[in-house]
Amino acid sequence: MKTKFKNSVTLCLLIFFISSCYDTTHRKKNPAVSDGYIAKGDRILGMDLLDTTPSLDFFAGAAKVIAAGVQFITFPVLWNQVNATGTSYDTAWVQNIKDMAAVCTANSLKLSLTFWTVDVTGKHVPADLMATRFDDVPHAMAARFVALLDKLFITENIDYTLLTSVQIGNEIDGYNAGGDVNFSWSDYGAFLYNIKLMISSKSYSSLKIGFTGTLYGLNSQKAIFTAVAGAVDIIGVTYYPINPDFTVKDPSLVSPDISALVSNYSTTTRPIYFQEVGYQSGPLCSSTDENQAQFVRNIFTSWDTHRDFIKAVSFLRLNDVTAASASGTAALYGLGGNTVFIEYIRTLGLVNYDGTVKPAFSALSENARSRGW
């Protein structure tokens, strides 16, 4: 449940500062694997850094997570933010993506780029395509998305090899498909297939594409999403073990939850990328700092178990946010005034808003280091 980044000017200036001043001398060189732990192998570790605080800005946050072993960062964009209509592109948002790529290059990081298409908050396609089916003829929806990729990787010359993948849709299982006469999941799968087909002749043809759904939605709608998975390279997943009232589930459920996902999707042969995993620490959510830390430990343990299937995990997020920011997110989801939801969003960070480290960040650092990150 990643929030949308709004202040593009601030982001541009911040990343310019980082890419000009930051170096990677603090990154560990070939760290040893501790006895009794499974080496990281080809697995990659990520973190969401976009929510900065006065005590831990992007620069300090990047240094902190790289030292802990993080290899990629995530960046979400609404499709209609960067391409509101037609073939016009928002200059600031294109620059944001270029700047994120620049900071990754400067710091030996990879970038996971997600374009929101449909989710629980609605449809985020360009305005002139709102009534267009995803599998229209002659595939205008897919062609428009590929035109955006052309803009980024050909016109703007962004190095597509920096990307772990482009995720086309975030938590798509939450979309009210039944309320949209111009939508079906078979159409969406065809949309992804046509994008994959169209880019096969491009200079960035080896770019990996995927879609992202929630763990619980993917597990409960296996038939739909195993079919959709046939059109992509990667299955993206978000995982927040919460009850319907936004209180936490016990961290011990991590193992059975992830095992069920792998069981359901291993036959697709698509690698699984956990685009977001998170667990709030707030007491209003019946949680504690130690519960959050145990969640982190259990994620690493389950990742070891399913290392042949799960190739990436990204934690959301480094920092806690303010109550005001969390309230804004709640409003976007139609949950303004829901104090438990606000606490959920506010306390997902592995570091407190004042910059003090929670036990969860220490757990991440220790578990990553033990496996050679």
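No value in this document is a laboratory result; all are computed from the given coordinates. Keep in mind it's a predicted model, so treat the numbers as computed, not measured. Using ideal geometry, Cβ is built from the backbone for each residue, glycine included, and neighbour counts are taken over all protein chains shown.
Exposure proxy shown here: for TRP373, TRP93, the number of other Cβ atoms within 10 Å sets the order, fewest to most, as TRP93, TRP373.
Loop-located trypsin sites (Lys or Arg not before Pro) across segment 270-338 with a Cβ neighbour count of 16 or fewer within 10 Å are ARG307, with loop assigned by DSSP. Computed from backbone phi, the HN-Hα couplings of segment 114-122 come to 10, 9, 6, 10, 9, 6, 5, 8, x Hz, rounded to whole numbers (Karplus: 6.51 cos²θ - 1.76 cosθ + 1.60, θ = phi - 60°; Gly and Pro given as x).
Cut-off 10 angstrom, C-alpha nodes, Gaussian network model of the chain. Which of VAL65, VAL277, VAL146 fluctuates the most? Between VAL65, VAL277, VAL146, it is VAL146 that shows the largest mean-square fluctuation. When the alpha-carbon atoms of segment 61-165 are used, the pair Rg, Dmax equals 15.3, 49 angstrom. Its Cα centre serving as origin, the chain has a Cβ charge dipole (Lys and Arg +1, Asp and Glu -1) of approximately 740 debye.
In the structure shown, the pairs LYS202/LYS222; LYS123/LYS311; LYS110/LYS222; LYS64/LYS358; LYS64/LYS110 are assessed against 25 Å; a Cα-Cα span above that value is assigned to LYS202/LYS222; LYS123/LYS311; LYS110/LYS222.
Centre-to-centre, using Cα atoms only, segment 45-114 and segment 118-141 are separated by 25 Å. Site pair ILE38 and ALA177 shows an inter-label distance of 3.2 nm when each label is modelled 7 Å from Cα along Cα→Cβ.
Arranged from fewest to most other beta-carbon atoms within 10 Å of their beta carbon, GLU343, GLU290, GLU276 become GLU290, GLU343, GLU276. From helices alone, the chain scores -11500 deg cm²/dmol at 222 nm; the rule is -39500 (n - 2.57) for each run of n ≥ 4 DSSP H residues, then divide by the residue total. This ranking places TYR240, TYR193 by how few other beta-carbon atoms lie within 10 Å of each, fewest first, which gives TYR193, TYR240. Spin-label model, ALA127/SER325: points 7 Å from Cα along the beta carbon direction are separated by 3.0 nm.
On full extension, the segment bounded by LYS202 and ILE154 gains 16.4 nm, given 0.36 nm per residue less the C-alpha separation. The orientation-averaged projected area of the convex hull spanned by the Cα atoms of segment 40-370 comes to 15.7 nm². Distant-in-sequence amide contacts of GLY349, defined by a placed amide H-H separation under 5 Å and a gap of 5 or more residues or a different chain, comprise ARG317, ASP320, VAL321.
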